[in-house]
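These notes concern the structure reproduced below.
Please treat every number below as a calculation from the coordinates, not as lab data. Not measured: the values here are computed from a predicted model. Neighbour counts run over all protein chains shown; Cβ positions are idealised from the backbone, glycine included.
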Amino acid sequence: MSTDVERIKQASRGLRGTLSESLVDPLTGAIRADDTTLSKFHGIYQQDDRDLRLERQRQKLEPAFQFMIRARVPGGICTTEQWLAMTRISREISDGTLRLTTRQAFQWHGVLKAGLKPLIQTIDSVLMDTLAACGDVNRNVMASPNPHRSKLHAKLHEVTLSLSQHLTPRTGAYHEIWLDGEKLARDEPEEEPIYGPAYLPRKFKISLAIPPDNDVDVFAQDLGFIGIVEDEELIGFNVTVGGGMGATHGDPQTYPRLADVIGFCRPEDVNHVAEHVVGVQRDFGNREVRKRARMKYTIDDRGLDWFVAELNSRLREPLAPARSFRFGRHTDRYGWVEGDDGLWHHTVYVQNGRLHADQLDALEGIATALPDVSWILTPNQNLAVANVPADGRAIVEAQLEAAGLMGSVTPLRAASIACVSMPTCGLGMAEAERYLPTLVDHLEAVFAEAGVPESDTVIRMTGCPNGCARPYVAEIGFVGKAPGRYNVHLGGDGRGQALNTLWAENRDEAEILDGLRPVIERWAAERENGERFGTWVRRTGIVEEAA
Amino acid sequence: MATPDPAAFAPLPDTQFHELQQLAAALRPEQLWWTSGYLAGLAQSGVQAPQAIPAASELAAATIVYATQTGNSRRIAEQLADRLAGQDVRLVSAGDYRLADLPKERQIVFVVSTHGEGDPPDDAVPFFERLLSKRAPKLEDVRYAVLSLGDSSYEKFCEVGRVLDERLAELGGQPLVDRVDCDVEFEDAAARWIDQLEADLDLSQPSNVVPMRAALPAAPRITRDAPLTGEVLEVQDITGRGSTSDTFHVEIAADGLAYEPGDSVGVWHDNPVLVVEQVLAATGLAGDAVVRVGDEETTLALALTSKRELTGLSRAVIERYVAVTRNDALEAWFGGLERAEQAEILDGWQFADLAKAYPGEVSAQALVDLLAPLKPRLYSIASALGGDEVHLTVSRVSYERDGEPRVGAASNWLGDLDAGAAVQLFVEPNAAFHLPEDPATPVIMIGAGTGVAPFRAFVQARSEAGAPGDNWLIFGHRNFRTDFLYQLEWQRALKGGDLARLDVAFSRDGDERRYVQHVVADQAAELMAWLDRGAHIYICGAIAMGKAVEAALVAAVDASGGDGEAVVSELKAERRLHRDVY
């Protein structure tokens, strides 16, 4: 028996469903139930303001339905014209803020049904889209920023764009529904050569990294490409498969998993390899039990050897043996960096990735003065202004200052990220971005009292176990369980190559702080050679090595 | 216990015996004699009196109610419903379930989940609040079962199911099977529970007894001057945050208040403190001055609060105020106004406005004597559920005049009442606004703002009666997001067929102002088709809106090639066009 979602996809006529009818229904701010599944493939999640849910029900009003829209930004880079269009949407259509995501995408919240078409049309006007930003397809392809820093990164960006394009669904539904494109002449949807009529069993995530930076958390992805450099040339990629963060509380059948390195391919083979990895998952992924549908379970159920053999049988030539590589960190580097070409790039910390209206106004000053800069969304939901000529640096700094983005934050805060959760995300069980800054205040005090105020221990928080902020590779991961209560995971390695382990369950703030304080104090006293917190807790057996 | 409890020997359940005792205590001797004969007559008349047979005619043999957050409870409920497919079983979410149906159920099955700190799923919160409140009905003949989902890593594991189970038992329900508490891996336990229920549910058709309503003797008449004392059950805002209007829904327990949909209820209110203080300030009088009202001695403040009309102004009051204060300026000014201007003043001013604009010397007693007695306010009744409740839809009147706040007396008094407060009520019949005799006649209901109130009563009544006629509601207000009064109920009615059509117009949402009359214009063809089928049209709302809708009707008929004026007057002559405008 396949799931509801499978039935809806199959019957959707290339992701059309009844979205057009839903959009013009004046009696509800929602779209039809089946369409909420399909809208995700168009980058749109129906949500409601959960803070108002009960109040409105008492008022005999439907929930305050609103939509979250995500725009794809392959590799996280966009032009000034595109940036300005994105900020215009925040001002005129959404709740006033612009959210940079952990997958280098733009996200808007609080958009009403009537705002959907204007929003997508604005995005289209600057040659971007929201297609496949969510849904059971390949999502936004991530890549280590930034292409201007070196020719290696430029090459990486080229590969990223090509791969993103290659895996984009072919359906015309997007144009038809949102851009008033022509309707299908016959009621025959377009063929999807890579996905087929039911698309994938579950979401599919890809990232590309160049060591030593693992900011894209390549091991947390269904499919990853680790750039291998020889003699200053990007000669190819190690291929990784089977990573994924999502889990369900209390269900041992679901778990986070790190990807396995299965071989090496040349840059020109990336699209070919990706297409066939997608193909194996399309054909063998679990379509009966949705929470077991990610590729990590396909691999665990059938074995990695089987997977590699199946993949190789489909490839022009089997993957070559993997090369050696070494990652240093999975967090961002802040401040100015000079690129190979003499242009400068500045990365700033954006709390929770959310830019508010006044910050967007200040950033517009950069766009006006230096229209040729690029805007880069980092995988840790921060922002980089790139391609700045040396004499433009002062302007950039002044405007970032005006936006409140130049203030000094502790390394602890700068290494922390949180997902959105309350009040808009329907999955959230506890606060995340509205609460993490407060918890970090407290943890800063704990680290300072322990004598390590300079610690950059990686802290990540999500409001539910699905893992959007990749909490299971953090040194300290908080996973929401109920309002005000979190599971605490310890033991990442600061490089995204180790899963952490559940250390304490269902803890409130006081319990979290009281529990962590002695551990942090002990680490500060006993660590060897600047040993990271997450490494130390595993070495000393405070948590067991993840299986 | 010193004396044996008589209830223990009575052939009635405790609660009924208690009610009988209460009734008997309130009756005069001749009424007691009459009642004994009436009840004996009922017993002998050969017609089956309403026994403890549930009114099962419209309810299924078993109802499955789910309360779900993540969908697990719903899926289990659906599995059970699938298993019982083809039999007389109803599946409904707790958010959609009417608590009033609960005592009428034969068998009811709950699948509920617990979240966070022992909380029910969001949409089930009101259901549980009501079930746990003292308004919950008694369940003497209801058999029930509960499957409870939860996560044992939480402290309050399966709390909601446990509380539900205990409450249903407390209300008198009889368990069908024992409650089962399921952990995260619920599938097996749920499957076993479904098996057991399938075996234990009685899905045979109920005996074909239609409970009849015995003709009741006339209750003591409730009138304007002999009102009924009702008890406020709930005052609930029904416009959302950010609304430009403040509209609330009042539910009042009004045992014995007989009314028909379309009727109004009269409410005896007190003047709010602010209104009284403004009159005292404008006249310079002290609230504690002693005055006589009829035979009663009281203070001026109390007299102004509950005996005198302060927010409505009449020509007679102005004349008496002129006479008492010898205010020639006022007389000259008001007398010099055109009739229409005078009407505007009488409509828009409160007494405090008059006394402030034209101050004059007046004693406390003279003030009480010159003011008119307090008048009750009429509200269209917004309910028809029976159950001895009356619901009102009230818009709070509140505005500024010359920088000072002014409030409407009754709307603010009602809006500030707490549950449990007493309200004096009577029914003001509105025969011209009743539903068509024939339940098969289609009705078109056009209402703006609180003008939608009687249509809530209409739809409830036609639904309850199973009336086959189609119902079409055209509703208008300012903003979709905040002012779609009773939105959830209308959506449900449309889904369930109690509304055949629902059209809306929100005037402040788009660039152009769209009102109900624009819907009438847009839907002219459909409207004509309904009229051809004999539809009645009901219009409720402000006077201007009523006129605009009528004009749109005329235009709609004209547009379809008919003679608009003639058709509309014919509709009126046939009593098919009904208006309740204010």
> How much length is gained if the chain between B:Val92 and B:Glu297 is pulled fully straight, taking 0.36 nm per residue apart and subtracting their Cα-Cα distance, in nm to one decimal?
Replying inline: 68.0 nm
> Over the stretch A:306-368, how many percent of alpha carbon pairs lie in each 10 Å bin up to the one with the longest distance?
Replying inline: 14, 24, 21, 17, 21, 4
> Under Stokes-Einstein, with the Kirkwood radius over Cα pairs standing in for Rh, what whole-number D in µm²/s applies to the stretch A:274-404 at 20 °C and 1.002 mPa s?
Replying inline: 115 µm²/s
> How far is the Cα center of the stretch A:102-166 from the Cα center of the stretch B:269-293, in Å?
Replying inline: 68 Å
> With a 10 Å Cβ neighbour count serving as the proxy for reagent exposure, in which order, fewest first, do A:Thr540, A:Thr298, A:Thr378 appear?
Replying inline: A:Thr540, A:Thr298, A:Thr378
> Hey, what's the Kirkwood Rh for the stretch B:430-481 if you take every pair of different alpha carbons, in angstrom?
Replying inline: 11.8 Å
>> Placing one identical point scatterer on every Cα of the stretch B:77-139 and ignoring solvent, what is log10 I(q)/I(0) from the Debye formula at q = 0.12, 0.18, 0.21 Å⁻¹?
In response: -0.35, -0.76, -0.97
> For q = 0.19, 0.24, 0.33 Å⁻¹, what log10 I(q)/I(0) does the stretch A:169-210 give under the Debye formula with an equal point scatterer on each alpha carbon and no solvent?
Replying inline: -0.71, -0.91, -1.14
> How about the protein assembly as shown: what cysteines have no other cysteine beta carbon under 4.7 Å from their own?
Replying inline: A:Cys78, A:Cys134, A:Cys265, A:Cys425, A:Cys464, B:Cys158, B:Cys182, B:Cys540
> Please state the equivalent ellipsoid semi-axes for the stretch A:397-547: what are the square roots of 5 times the Cα gyration tensor eigenvalues, largest first, in whole Å?
Replying inline: 23, 21, 14
> Can you give the average number of partner chain beta-carbon atoms within 10 Å of each beta-carbon in peptide B:481-488, as a whole number?
Replying inline: 5
> Kirkwood Rh, Cα Rg: Rg to Rh for the stretch A:216-346?
Replying inline: 1.05
> To the nearest whole percent, what portion of all C-alpha pairs in the stretch A:37-107 is separated by more than 21 angstrom?
Replying inline: 38 percent
> What number, rounded to the nearest 500 deg cm²/dmol, is the helix-based mean residue ellipticity at 222 nm of chain B, given -39500 (n - 2.57) per DSSP H run of at least four residues and division by all its residues?
Replying inline: -10500 deg cm²/dmol
>> Over the Cα atoms of the stretch B:299-420, what radius of gyration and what Dmax do you get, in Å?
In response: 17.1, 56
> Counting only other chains, what is the mean number of Cβ atoms within 10 angstrom of the Cβ of each residue in peptide B:107-119?
Replying inline: 1
> Based on the mean of other beta carbon atoms within 10 Å per residue, what is the order of A:105-111, A:163-169, A:273-279, B:396-402, most packed first?
Replying inline: A:105-111, A:273-279, A:163-169, B:396-402
> Given R₀ = 41 Å, FRET efficiency for A:Ala11-B:Leu23 by Cβ-Cβ distance, to 0.05?
Replying inline: 0.10
> Based on the alpha-carbon gyration tensor of the stretch B:489-541, what equivalent-ellipsoid semi-axes (square roots of 5 times the eigenvalues) come out, in whole Å, largest first?
Replying inline: 21, 17, 10
> Under 19 Å from a point 7 Å along the Cα-to-Cβ line of B:Gln424: which residues of the stretch B:234-258 have their amide N that close?
Replying inline: B:252-258
>> When 1/r is averaged over all different Cα pairs and the result inverted, which Kirkwood radius in Å belongs to the stretch A:437-511?
In response: 12.5 Å
> If only Cα atoms are counted, what is the Rg of the protein assembly as shown, and what is its Dmax, in Å?
Replying inline: 35.4, 113
>> If R₀ is 22 angstrom, what is the calculated FRET efficiency for the pair A:His175 and A:Val24, using the beta carbon separation as r and rounding to 0.05?
In response: 0.80
>> Report D for the stretch B:224-351 in µm² per second (integer): Stokes-Einstein, Kirkwood Rh on Cα pairs, 10 °C, 1.306 mPa s.
In response: 87 µm²/s
> With a ≥ b ≥ c the root eigenvalues of the C-alpha gyration tensor of the stretch B:401-463, is it rounded (a/c under 1.5), prolate (a/b larger than b/c) or oblate?
Replying inline: prolate
>> If I take the Cα coordinates of the stretch B:249-288 and project them onto the principal axes, what are the three extents in Å, biggest first?
In response: 46, 19, 17
>> Taking a ≥ b ≥ c as the square roots of the Cα gyration tensor eigenvalues, with a/c under 1.5 meaning rounded and otherwise prolate when a/b beats b/c, else oblate, which class fits chain A?
In response: rounded
> Using every alpha carbon pair in the stretch A:69-180, what percent of pairs falls into each 5 Å bin from 0 up to the bin containing the largest distance?
Replying inline: 2, 12, 21, 24, 21, 12, 6, 2, 0
>> So the label point goes 7 Å from the Cα of B:Asp532 along Cα→C-beta, right? Which residues of the stretch B:504-524 then have their backbone N under 16 Å from it?
In response: B:523-524
> Is there a simple number for the mean count of other chain Cβ atoms within 10 Å of the Cβ of residues in A:59-71, and what is it?
Replying inline: 5
>> If you average the alpha carbon positions of the stretch A:473-513 and of the stretch B:439-467, how far apart do those two centres end up, in angstrom?
In response: 55 Å
> For A:Thr540 and A:Val409, what does the FRET efficiency come to when R0 = 22 Å and r is the distance between their Cβ atoms, rounded to the nearest 0.05?
Replying inline: 0.15
>> What distance in nm separates the two pseudo spin-label positions at B:Glu489 and B:Glu78, each 7 Å out from Cα along the beta-carbon direction?
In response: 3.0 nm
>> Starting from 0.36 nm per residue, how many nanometres of slack lie between B:Asp388 and B:Glu464 once their C-alpha separation is accounted for?
In response: 25.9 nm
> List the aspartates and glutamates whose alpha-carbon lies under 18 Å from that of B:Lys356, not counting same-chain residues fewer than 8 positions away?
Replying inline: B:Glu277, B:Glu309, B:Glu319, B:Asp328, B:Glu331, B:Glu344, B:Asp347, B:Glu400, B:Asp402, B:Glu404
> So what's the projected area for the stretch B:482-580, the Cα convex hull averaged over all directions, in nm²?
Replying inline: 7.1 nm²
>> Take B:Glu574 and A:Glu158, extend 7 Å from each Cα along the Cα→Cβ direction, and tell me the distance between the two endpoints in nm.
In response: 7.9 nm
> Taking the C-alpha atoms of the stretch A:1-130, how large are the radius of gyration and the largest Cα-Cα span, Dmax, in Å?
Replying inline: 15.6, 49
>> I'd like the Kirkwood hydrodynamic radius of chain B, using the inverse of the mean 1/r over distinct C-alpha pairs, in Å.
In response: 27.8 Å
>> Could you check the spin-label model distance between A:Arg58 and B:Glu187? Points 7 Å from the Cα along Cα→Cβ, value in nm.
In response: 4.0 nm
>> Quick check on the protein assembly as shown: of the DSSP beta bridges with both residues there, what percent are antiparallel, nearest 5%?
In response: 60 percent
>> Give the lysines whose C-alpha is closer than 28 Å to that of B:Lys572, dropping any in the same chain fewer than 8 places away, or say none.
In response: B:Lys547
> Using the per-residue mean of other Cβ atoms lying within 10 Å as a proxy for protection, in what order, highest first, do the peptides A:121-129, B:550-558, B:439-447 fall?
Replying inline: B:439-447, B:550-558, A:121-129
> Of the listed peptides B:291-298, A:14-21, B:194-201, what is their order by residue-averaged count of other C-beta atoms within 10 Å, with the highest listed first?
Replying inline: A:14-21, B:194-201, B:291-298
